[in-house]
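The values are calculated or read from the model by the stated rules, or taken from the named source; none is laboratory data. Computed from a predicted model, the values in this text were never measured in an experiment. For neighbour counting, all protein chains shown are included, and Cβ atoms are generated from backbone atoms with ideal geometry for every residue, glycine included. Please note that ligands, DNA and RNA were not included when accessible areas were found on the heavy atoms of the full protein model with its side chains. Shrake-Rupley method; radii C 1.70, N 1.55, O 1.52, S 1.80 Å.
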Amino acid sequence: MVDVINKKIEKIFIDVMGLSEELKNFSDLKMGDIEQWDSLANMNFLMELENKYNIRFSIDEMSQLSSISNITKTISKKTD
Amino acid sequence: MISSIASKLSFAEYGKIIPTLENINDYDVNVLIVFHQDIQNNKSVENKRYAAIISQLQEVLKKNKGPFIFGYSSYLNNQVTRLAKNIPSSISSAQNFKNKLYSLATKYPDLHIMDLDSPFSELGYSKIFDIRNWYFSHMRLSLIGLNVIDNAIALILHRIYNPHAKVLVLDCDNTLWGGIIGEDGLSNIILGSDGIGKAHSDFQTSAIKLLKSGVLLSLCSKNNEKDVWDVFKNHPQMVLKKNQITNAKINWNEKYLNLIEMGRELSLGLDSFVFWDDDPVERAKIKNKLPEINVIDVPSDVTLWPKKLDELNLFAKFYIQSDDRKKLTQYKSKVKFERKKRLSNDIQSFLKTIKLKPQIKLLDKTSVARATQLSQKTNQFNFRTQRYNESQIIGLLNKKNNNIYICSAKDIFGDYGQIALAVVKKIENQQAFLDTFLMSCRILGRDIELWFLQSILDKLNNQSIEKLVIEYIPNAQNIVISDFIKKCKIKKIVSTYKGLNGKVFEINTNTKITKIENLYG
């Protein structure tokens, strides 16, 4: 389950960040690890995830969502 | 959408309106978005903040840094009860600010106001804003709100750089009215009064609104011509009148053939046509045969049509000028002229019979907007395709060594308004350079371009200018220039001319390329 979510998130991530290729160790990535993932892009990324999964993050959740592992965990919990 | 237009986007810091305006460097386009919610305070603080924005914005505009899109949302969350007796001062200060913005936009051609109140309220503020995003990252908008802004910027940018469409081509049966005139007969077609018939007549009213803004209306219908005009003349609920139609092709030919002929008769590129037809098969055929034409995906629900037509961005433009309102008569004359000319064998004597009267005058402030429009939109008869915006034209006008001429014309078919423009720059050694020489293509075929050039030569000769240097920069659209050059018998300069990379010609100002007095009757 987590793997499937991970793949889908990666696609959305690549799209929002305007990257041209898949990333190595995507599941370990944190905000700031790559230049494109700044706070502005993070906001766009989280909103796009809400849109694609039809979920809504609380502001508490949002402040934790700055790493792929946390994002994957939160989404799998919310889409259970 | 924006990211597909702009090659490089950069973002200023949030909330720093004045420092951002102070530090604008060289960008192609600037977009600044201000929310009244961020300005809101007591009356005097609000006024001070808005005054600071206006004066700093004006400083930027004076420097002429290219298109500036100023987005503004005046939204405030007010209770209905609070609004029941008077207008709160914060609403008035937002309205005052908007008024000031618009007067700046009149003064500075680069400034375009993006009034977000209209698209925001269309979708609803509760969908546009997301207060959680505000507390999380000082961003007021939801994803939906961001998309609305993205779309609004794209629309304005698109119109800054692309001309609007010019002709609306309408089908008749099941479009102007419900039913088929050839089968149902005059008394059974559905038009006017209530329900769907009212939607058809409102659709006609919307088409007339477009006509008044300068859009030409044409018919393209598979029908017996007599039946259609019978409806126009005798159906009591018909809103459109026959004399409001510029060009009608009512026959049994394939529609794409009719459209090609329409384009030729109006001397307009097919990309300025918009095709509205209820029949998906006809639409698919046009899309396939003439991909340049804007084919509208017409909804099957006719009640949606009037609004859809009102809101077509293809026709939207920044200004409506007095010349635009004359378009219908001008193009109708053009169609008559083309048809008559085709019947006449001797063009020279034909020109004499139409009593053409061209006029040349020095450009003054009152015609700057028209000169800008000509410079921006003329593609075919245009020697160098130098595009000037309004402030650049004013700049040229203020230089002592420049003569800018604008040419207008009328004949027995009608008044064509101002149709040609020339910018002459005096250079050293009694010479002048023809920086701009262009003419609207709807007037081609009357030798006005010959007349115009000869008139300029005569004027320069009187000012003791001996030679006029002419440059032709060929591109895919202005091939017509090379025929003109042949006709004038201007000699090409073999050696290169400093700073000019096109084909360079020079002509003595005492040359007679045409006997001006013999040209017209």
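Do you know which of the residues in segment A:64-80 that are out of contact with any Gly (no Cβ under 9 Å at 6 or more places or on another chain) and outside any helix (DSSP H, G or I) is nearest to the other protein chains (Cβ to nearest Cβ)? I'd like the intermediate steps shown before the answer.
Kept after step one, since they are out of contact with any Gly (no Cβ under 9 Å at 6 or more places or on another chain), are these residues of segment A:64-80: A:64-65, A:67-80.
Among the residues that remain, those that are also outside any helix (DSSP H, G or I) are: A:65, A:67, A:79-80.
Numbers: A:LEU65: 10, A:SER67: 16, A:THR79: 18, A:ASP80: 22 Å.
Step by step, filter segment A:64-80, then rank; the result is A:LEU65.
With among the charged types (D, E, K, R), surrounded by fewer than 19 Cβ atoms within 10 Å (Cβ to Cβ) and touching a helix residue (DSSP H, G or I) at 6+ places or on another chain (Cβ under 8 Å) as the only criterion, which of B:LYS336, B:LYS289, B:LYS308 stands out? Spell out how you get there, then give the answer.
Values: B:LYS336 fails: touching a helix residue (DSSP H, G or I) at 6+ places or on another chain (Cβ under 8 Å); B:LYS308 fails: touching a helix residue (DSSP H, G or I) at 6+ places or on another chain (Cβ under 8 Å).
Selected residue: B:LYS289, the only one of B:LYS336, B:LYS289, B:LYS308 that is among the charged types (D, E, K, R), surrounded by fewer than 19 Cβ atoms within 10 Å (Cβ to Cβ) and touching a helix residue (DSSP H, G or I) at 6+ places or on another chain (Cβ under 8 Å).
Output yes when any residue across segment B:169-178 is within 13 Å of chain A (Cβ to nearest Cβ) and either under 30 Å from A:SER39 (Cβ atoms) or of a type in the set (A, V, I, L, M, F, W, C) (or both), and no when none is. Steps first, please.
The first filter runs over segment B:169-178 and keeps only residues within 13 Å of chain A (Cβ to nearest Cβ), leaving none.
Looking through segment B:169-178, none of the residues is within 13 Å of chain A (Cβ to nearest Cβ) and either under 30 Å from A:SER39 (Cβ atoms) or of a type in the set (A, V, I, L, M, F, W, C) (or both).
Annotation note: Cβ proximity below 8 Å between a residue of segment A:55-80 that is over 14 Å from A:ILE9 (Cβ atoms) and a residue that is among the polar types (S, T, N, Q) (sequence gap 6+ or interchain) occurs for A:GLU61/A:THR74; A:GLN64/A:ASN70; A:GLN64/A:THR74.
Could you please let me know if A:LEU46 is open to solvent by 30 Å² or more (accessible area, probe 1.4 Å) and facing chain B (nearest Cβ under 10 Å)? Step through it out loud before you land on a result.
Numbers: open to solvent by 30 Å² or more (accessible area, probe 1.4 Å): no; facing chain B (nearest Cβ under 10 Å): yes.
It is false that A:LEU46 is open to solvent by 30 Å² or more (accessible area, probe 1.4 Å) and facing chain B (nearest Cβ under 10 Å).
Looking only at segment B:166-196, residues that are over 23 Å from B:SER213 (Cβ atoms) and either of a type in the set (A, V, I, L, M, F, W, C) or surrounded by fewer than 21 Cβ atoms within 10 Å (Cβ to Cβ) (or both) come to 21 in all.
Scanning segment A:49-63 for residues that are of a type outside the set (D, E, K, R) and either at the interface with chain B (Cβ under 10 Å from one of its Cβ atoms) or loosely packed, with under 13 Cβ neighbours inside 10 Å (or both) turns up A:ASN51, A:ASN54, A:PHE57, A:SER58, A:ILE59, A:MET62, A:SER63.
Within segment B:377-388, being open to solvent by 40 Å² or more (accessible area, probe 1.4 Å) and modelled with pLDDT of 90 or more holds for B:GLN386, B:ARG387. Those helices (runs of 4 or more DSSP H) of segment B:7-77 in which at least 1 residues are within 29 Å of B:ASN162 (Cα to Cα), within 28 Å of the chain's Cα centre (by Cα) and in the same structural domain as B:ARG140 (by TED's automatic domain parsing), considering only elements entirely within it, cover B:43-62.
Within segment B:145-168, can one find any residue that is within 30 Å of A:SER58 (Cα to Cα), within 14 Å of chain A (Cβ to nearest Cβ) and more than 27 Å from the chain's Cα centre (by Cα)? So far as segment B:145-168 goes, yes, one or more of its residues are within 30 Å of A:SER58 (Cα to Cα), within 14 Å of chain A (Cβ to nearest Cβ) and more than 27 Å from the chain's Cα centre (by Cα).
The set of residues from segment A:15-43 being within 14 Å of another protein chain (Cβ to nearest Cβ), open to solvent by less than 100 Å² (accessible area, probe 1.4 Å) and among the charged types (D, E, K, R) comprises just one member, A:ASP38.
If only residues of segment B:133-165 that are outside any loop (DSSP other than H, G, I, E, B) and of a type in the set (S, T, N, Q) are counted, the one that is least open to solvent (accessible area, probe 1.4 Å) is B:ASN133.
In this structure, does B:SER10 turn out to be within 14 Å of another protein chain (Cβ to nearest Cβ) and over 30 Å from B:VAL368 (Cβ atoms)? Quick ask: steps written out before the conclusion?
Numbers: within 14 Å of another protein chain (Cβ to nearest Cβ): yes; over 30 Å from B:VAL368 (Cβ atoms): yes.
Taking the combined requirement at face value, the residue satisfies it.
Every residue, every condition in (1) over 20 Å from B:GLN386 (Cβ atoms); (2) crowded, with 19+ Cβ neighbours inside 10 Å; (3) among the β-branched types (Val, Ile, Thr), yes or no:
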{"residue": "B:ARG446", "(1), (2), (3)": "yes, yes, no"}
{"residue": "B:LEU453", "(1), (2), (3)": "no, yes, no"}
{"residue": "B:SER464", "(1), (2), (3)": "yes, no, no"}
{"residue": "B:TYR472", "(1), (2), (3)": "no, yes, no"}
{"residue": "B:ILE479", "(1), (2), (3)": "no, no, yes"}
{"residue": "B:LYS487", "(1), (2), (3)": "yes, no, no"}
{"residue": "B:LEU500", "(1), (2), (3)": "no, no, no"}
{"residue": "B:ASN510", "(1), (2), (3)": "yes, no, no"}
{"residue": "B:LYS515", "(1), (2), (3)": "yes, no, no"}
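Do we have any residue at all in segment A:1-14 that's within 22 Å of B:ARG140 (Cβ to Cβ) and within 14 Å of chain B (Cβ to nearest Cβ)? Within segment A:1-14 (the criterion being within 22 Å of B:ARG140 (Cβ to Cβ) and within 14 Å of chain B (Cβ to nearest Cβ)), the answer is no, since none of the residues qualifies.
Against the numbered list (1) surrounded by 13 or more Cβ atoms within 10 Å (Cβ to Cβ); (2) assigned to a loop (DSSP other than H, G, I, E, B), B:ILE91 comes up short only at (2). Criterion applied to B:LEU123, B:LEU83, B:LEU61, B:LEU101 was being of a type outside the set (Val, Ile, Thr), closer than 23 Å to B:ILE156 by Cα, away from chain A (no Cβ under 14 Å) and open to solvent by 40 Å² or more (accessible area, probe 1.4 Å), and the one residue passing it is B:LEU123. Would you say B:SER118 is within 18 Å of B:SER74 (Cα to Cα) and under 25 Å from the mean Cα position of the chain (by Cα)? Answer is yes for this residue.
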